[in-house]
Amino acid sequence: MIRKPSIAFSAADGMAAPASAGVAPYPASFRLADVATNGTTLHVRIGGHGPAVVLLHGFAETGDMWQPLATRLATDHTVIVPDLRGMGHSARPPDGYDKKTQAHDIAGVLAELEIEHAALVTHDIGNMVGYSFAMQFPAKVSRFAIIDAPLPGIGPWEEIIRARALWHFSFYGPDAERLVAGRERIYLDRFWNEFAADPKRFNEASRQHYAAIYALPGAIHAGFEQFKAFEQDAIDDKALLAKHGKLSMPVLAVGGEKSFGSTMATVMRATATDVREAIIPDSGHWVMEENPVATIALILDFLS
């Protein structure tokens, strides 16, 4: 007997929610669903037909960032785009922000959708969740494209986190939340400006869109919890590597030319055996905003 997924679809089943100018809505062919998984609920966009691919976003964005890529992939892939635990329009539980737990969130979504194997495409904190998923469930991952952010405890992690630009890794707690409350846009502008090769490419409409989401009740707290968990994530990642050994599926390690660059490949060669290096030219950290054409071309080529 085939188990039916316990998924609550939005009132506009089959229609993508409207987004402000600058962040394009998903095509109407995508469904929106709130999927109960691992003790929480993730907001998920689902579209297309064919081999499955999961797209995971990072901090200062949501699954909305992937719309241009998801639209292209949906022509010959089943595309699954969650908002991570506590982020976007997913539930904001009080705990579970370590990436090992969040990997089980993603496993639960795939189980509800009755998907046994998927490729992963991840960015920023999505890298950390995707990596833990690939380590814990390697048989479920066909390919892994990982974009422009380090992995706690892996490769040159200790050297990376000493960079002054990454002070936000240790910025959390009640007083940090009070400082940011009502000033979410100011705080997020710091990321969009400092980590871009050209801040103007992260346009005003997109900034307004994401700032409004991160100003929702509990959103900044949940975002800070993602960073607070890094110490535990490093412990977990080291233990997973020691227990399971290096990843064996093909890995595309992508860095923005003006951001992590070739360091992404250095990180992944410490934990994977089949690593292809790629750099997005004329881009900082925000590759989907700064150079979407090159980013999409790389991902489509890798997944093909």
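Computed from the coordinates by the stated procedures, all read-outs in this text should not be read as laboratory data. Since the model is a prediction, treat every value here as computed from it, not as a measurement. Neighbour counts run over all protein chains shown; Cβ positions are idealised from the backbone, glycine included.
Summary table
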{"quantity": "Estimated dipole of the chain in Debye, rounded to 20 [Cβ of Lys and Arg +1, of Asp and Glu -1, Cα centre]", "calculated": "240"}
{"quantity": "Mean Cβ neighbour count within 10 Å, used as a protection proxy, ranking 176-183, 217-224 highest first", "calculated": "217-224, 176-183"}
{"quantity": "At least 18 Å along the helix axis (C-alpha) and Kyte average at least -0.5, DSSP helices within the chain", "calculated": "99-112"}
{"quantity": "Dipole axis of the chain (+1 Lys, Arg; -1 Asp, Glu on Cβ), positive-most option in Pro68, Ser262, Leu247", "calculated": "Leu247"}
{"quantity": "Centre separation in Å (Cα based) which lies between segment 26-105 and segment 193-259", "calculated": "14"}
{"quantity": "Bridge type composition, segment 7-303 - antiparallel percent by DSSP, nearest 5", "calculated": "40"}
{"quantity": "Cβ-based net charge around His209, under 13 Å, with every Lys or Arg adding one and every Asp or Glu removing one", "calculated": "-3"}
{"quantity": "Ranked list, fewest to most other Cβ atoms within 10 Å of each Cβ, for Leu300, Leu110", "calculated": "Leu300, Leu110"}
{"quantity": "Segment 83-152, dipole about Cα centre (Lys/Arg Cβ +1, Asp/Glu Cβ -1), debye to the nearest 20", "calculated": "140"}
{"quantity": "Helical mean residue ellipticity (222 nm; -39500 (n - 2.57) per DSSP H run of 4+; nearest 500) of the chain", "calculated": "-11000 deg cm²/dmol"}
{"quantity": "Three-way shape call for segment 153-302 based on the alpha-carbon gyration tensor, with the a/c threshold at 1.5", "calculated": "oblate"}
{"quantity": "Eligible lysines near Lys258 by straight Cα distance, threshold 24 Å, same-chain separation 8 or greater", "calculated": "Lys200"}
{"quantity": "Under-5 Å amide H pairs with Ile280, H placed in peptide plane, nonlocal only", "calculated": "Gly255, Gly256, Glu257"}
{"quantity": "Segment 156-220 shape via C-alpha gyration tensor axes, a/c threshold 1.5", "calculated": "oblate"}
